[in-house]
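Trainee: My questions will all concern the structure given below.
The values are calculated or read from the model by the stated rules, or taken from the named source; none is laboratory data. Everything numeric here is computed off the predicted structure, so don't read it as measured data. Methodologically, a virtual Cβ is constructed for each residue, glycine included, from the backbone with ideal geometry; neighbour enumeration extends over all protein chains shown. In case anyone asks, the SASA skips ligands and DNA or RNA and just uses the protein heavy atoms, side chains included. Shrake-Rupley method; radii C 1.70, N 1.55, O 1.52, S 1.80 Å.
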Amino acid sequence: MKQILVALLILIGSLLKAQHSEDGWTLIAHDRQPYFAPTLANGQIGITPGQHPLQVQHVIQNGVYDVYGRGQGVTNIVKGINAANIEISINEEKLSEAENSDIKRWQQFFHIKTASLKTIFDYKDLYHVEYSQIALRHLPNTFITQVKIVALKPLNKIKISNEIQSSESADVISSEFQTIKDIHLLSAKATSPTGKHILSASNALVINTQYCDTSISAEINEETNLGFTTSIPKGRCVVFTLISSFASSAESSDPYNEAKRFTLFAYLEGVDKIIAEHYKAWATLWESDIIIEGDIQAQADVRFALYNLYASIRENSEASIAPMGLSGNGYNGHIFWDSEIWMFPPLLLLQPELAKSMLDYRYSRLKQAQQKAANLGYDGAMFPWESAETGEEETPVWALTGTFEHHITADIGIAFWNYFLVTHDTTWLREKGYPVLSEVADFWVSRSVKNEQEEYEIKNVVCADEYAENVDNNAFTNGAAKAALKAAIKASKVLGKSTKDEWGIVAGGIVLRTFENGITKEHESYKGETIKQADVNLLTYPLGLISDPNQIQKNLTYYSERVDVGPAMTHSIYSIIANRLGNCKKAFEYFEQGYKANQRPPFGVLAECQTCNNPYFTTGAGGMLQAVMNGFGGLEITEDGIIQKESCLPKHWKSLTVKGVGLNKKTYKVEH
């Protein structure tokens, strides 16, 4: 029955998803119901377009947290000031109040290569609109909306306006209209729910008459909104750009004036120039790309997933990626193991400098992790299950994961070691990598308990399979602890430091339990019940602790039949394992099962699970990309750096090319 449900969900998803261009770079939508928009993000701000034309659903400013709403007593990422809505009015007839039937010939084009969303539609028989929305990659605090309005009939006194509005977590306390060097600015200041942060936005309009057949005389509105009033003869047009910039006290001591400076800078640089610089920045990112020949749908899906990873983080930002990226406040915008196990690996292969920012996020919060370990009677550093601004534990109290899901500390150590294996940056290892790895190792020594058989056990944990709480000797927790301890030992040797004896003793003695038939046991008391997500199978990939093909196959068969309709990334792991066992047909089935049923219309935005609607699940995108690169592509991080193992492709894929890999930007190819 479960297989039938999954197949049905995949079929429904395939019927509702967007069309795509023949080069796999553009997603095309023709329907707004239901509507899950791609998030326009640049690693600092994330803007999610609304269902209604020229409206924005919400704005996320990375790193801004406060206690409110669904945070349930812990911090929640703040939805910032909504400054990017645009209203078009004719004789009090407002576009924002239009019925769906008034919006005709609506289409949207998400251009993955340029990270821009273009929308076209007609309003009744009065005017035609084309507009593009971009979160500028090279200007992290600035978002632009370019609009072209063509009169289908003579339009007398058409009014264009923009009003800066409060959001559910940013209450506007003041706004002002001012003119600086003939530049009209509308700016606003808001407070976060408890007053912890000041948020601000500042907008300017650029009216571009050179793109039209006639000059437009515009009357600027100097009110509480920013805009202009004009008349447009039939067949003529008006073109303008709204520049919106955002700042907060999380990054600036004077966010109100800083937002104004950002907008003035973009305005005086010129619209054409800032768009060109944005395109250039994304072109640089796309030097690291995944190219699938023979399956244009998979090509578009994979590029969309890769876009969402690239869009969620910036170089040198000391920021990481939440499960939903910058698409909203799902999971409170907190940082979990999703970052190191699921999203970090694809970025490490393709964009090591972006991946480094995720590690900087953890390194800068090492002291808080040390304090958490001390508070619970352990040595070293114990990283929180949910982390936000401060690096302290941010998991709601009712969730036992915050107190007992300890494998995240090992996951972080493994990520730090893998970064070194890819970059061989010994200076970084000495200054940042080893201080974390050594503290992680000390934690696992103090966390483990020696039994009468001289084995080391790790008791009372929440598993990676979170259905299992407060159990002993979880397979993934124990395996990850082993891997992290071994990584610390290797890092010591690289740096010529003396290795603590207990690291090796505990690493060699941590138990991995099995059933009598040799199948790895998920935890001490496991009896075959349904699991939430991959756990035991993670010992094969990414940990590489189980290498015997017979045991790998037995574990895969056993646990794949017991997994619930859980988060997307589980089947990505199954796909990689099946590929390495040489079963390419099954690998492709798992690959599609890991994301197809999770796609939401009209663009194929990923939800966390097959039956929920909480996009964009960037964790799932990370798992999917690992299935492609580490499964079908055969890429693996080893002591010798990145290597390519033998792998197989689906029959209809002619070739798979992964280009721009590692610091040397190498190209790897698999073909039939």
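Trainee: Within a Cβ distance under 13 Å of residue 582, other residues only, what is the Lys/Arg minus Asp/Glu net charge? Show your work: numbers first, answer last.
Mentor: Numbers: positive: 580, 585, 586, 645; negative: 646.
Residues near residue 582 contribute +3 overall.
Trainee: Given the rule -39500 (n - 2.57) for each run of at least 4 DSSP H residues, summed and divided by the residues of the chain, what is its mean residue ellipticity at 222 nm, to the nearest 500 deg cm²/dmol?
Mentor: Value at 222 nm, helices only: -9000 deg cm²/dmol.
Trainee: Taking Cα atoms of the range 485-524, Rg/Rh with Kirkwood Rh, to two decimals?
Mentor: 1.21
Trainee: Taking square-rooted eigenvalues a ≥ b ≥ c of the alpha carbon gyration tensor, is the range 98-175 rounded, prolate or oblate, where a/c under 1.5 means rounded and, failing that, a/b exceeding b/c means prolate? Present the calculation step by step, with values, prior to reporting the outcome.
Mentor: Working: a/c = 2.05, a/b = 1.30, b/c = 1.57.
The shape class here is oblate.
Trainee: In degrees from 0 to 90, rounded to the nearest 10, what is the angle of the helix 2-16 Cα long axis to the longest principal axis of the chain?
Mentor: So the helix axis and the longest Cα principal axis differ by about 30 degrees.
Trainee: Continuing with this model, one more query. How much area per residue is accessible in the range 465-515 when the probe is 1.4 Å and only protein heavy atoms are counted (Å²)?
Mentor: Roughly 39 Å² per residue, with all protein chains present.
Trainee: Taking the dipole about the Cα centre of the range 244-385, with the C-beta of Lys and Arg at +1 and of Asp and Glu at -1, give me whichever of 256, 275, 299 is farthest to the positive side.
Mentor: 256
Trainee: Next up: Using a 1.4 Å probe on the protein chains only, how many percent of the accessible area of the range 240-306 belongs to carbon and sulfur?
Mentor: Roughly 52 percent of what the probe reaches on the range 240-306 is carbon or sulfur.
Trainee: Continuing with this model, one more query. Along each of its three principal axes, how wide is the spread of alpha-carbon positions in the range 268-351, in whole angstrom units, largest first?
Mentor: 41, 40, 22
Trainee: What is the distance, in nm, between label points placed 7 Å from the Cα along the Cα-to-Cβ direction at residue 664 and at residue 376?
Mentor: 4.1
Trainee: Sticking with this one: Peptides 195-206, 655-666: what's the order by average Cβ count within 10 Å, highest mean first?
Mentor: Result, highest mean first: 195-206, 655-666.
Trainee: Follow-up. At q = 0.15, 0.18, 0.19, 0.21 Å⁻¹, what is the log10 ratio I(q)/I(0) for the range 352-504, with the Debye formula run over Cα points and no solvent?
Mentor: Per q value, in the given order, log10 I(q)/I(0) is -0.75, -1.08, -1.19, -1.40.
Trainee: Can you give the angle from 0 to 90° between the axis of helix 475-495 and the longest principal axis of the chain, with both taken from C-alpha atoms, to the nearest 10?
Mentor: The angle comes out near 90 degrees.
Trainee: Once each part is reduced to its C-alpha centroid, what is the distance from the range 289-327 to the range 46-102 in angstrom?
Mentor: Answer, in whole Å: 23.
Trainee: No solvent, one uniform scatterer per C-alpha: report log10 I(q)/I(0) for the range 355-407 via the Debye equation at q = 0.30 1/Å, two decimals.
Mentor: Computed log10 I(q)/I(0) values: -1.22.
Trainee: Mind listing the long-range amide H neighbours of residue 57? Cut-off is under 5 Å, sequence gap 5 or more, other chains count too, H placed in the peptide plane at 1.01 Å from N.
Mentor: Hits under the 5 Å cutoff: 48, 50.
Trainee: Describe numerically, in nm with one decimal, the distance between label points set 7 Å from Cα along Cα→Cβ at residue 51 and at residue 157.
Mentor: Roughly 3.3 nm, to one decimal.
Trainee: Note down, for the chain, the three equivalent ellipsoid semi-axes (square root of 5 times each alpha carbon gyration tensor eigenvalue), biggest first, whole angstrom.
Mentor: Output for the chain: semi-axes of 46, 28, 22 Å.
Trainee: Sequence-distant or interchain residues sharing an amide H contact under 5 Å with residue 655, placed H: which?
Mentor: 293
Trainee: Out of the range 385-491, which chymotrypsin sites (Phe, Trp or Tyr not before Pro) are coil in DSSP terms and have no more than 11 other C-beta atoms within 10 Å?
Mentor: Working: sites: 385, 398, 404, 416, 417, 419, 420, 428, 443, 444, 456, 467, 476; in loops: 385, 398, 467.
Answer in residue order: 398.
Trainee: Check each of the chymotrypsin sites (Phe, Trp or Tyr not before Pro) in the range 496-538 and keep only those in coil by DSSP with at most 14 other C-beta atoms within 10 angstrom; list them in order.
Mentor: 515
Trainee: What shape does the range 322-398 have by the C-alpha gyration tensor, where a ≥ b ≥ c are the square roots of the eigenvalues, rounded means a/c under 1.5, and otherwise prolate means a/b greater than b/c and oblate the rest?
Mentor: Because a/c hits 1.5 or more and a/b fails to exceed b/c, the range 322-398 counts as oblate.
Trainee: Still on this structure, I have one more. Do any GluC sites (Glu not before Pro) in the range 552-661 lie in a DSSP loop with no more than 12 other beta carbon atoms within 10 Å, and if so, which? Don't skip to the end; give the middle numbers.
Mentor: Details: sites: 561, 589, 592, 608, 636, 639, 646; in loops: 561, 608, 639, 646.
Passing sites in the range 552-661 are 561, 639, 646.
Trainee: On to the next question. Inverting the mean 1/r over all pairs of different Cα atoms, compute the Kirkwood radius of the range 471-579 and quote it in Å.
Mentor: After inverting the mean inverse Cα-Cα distance, the result is 14.9 Å.
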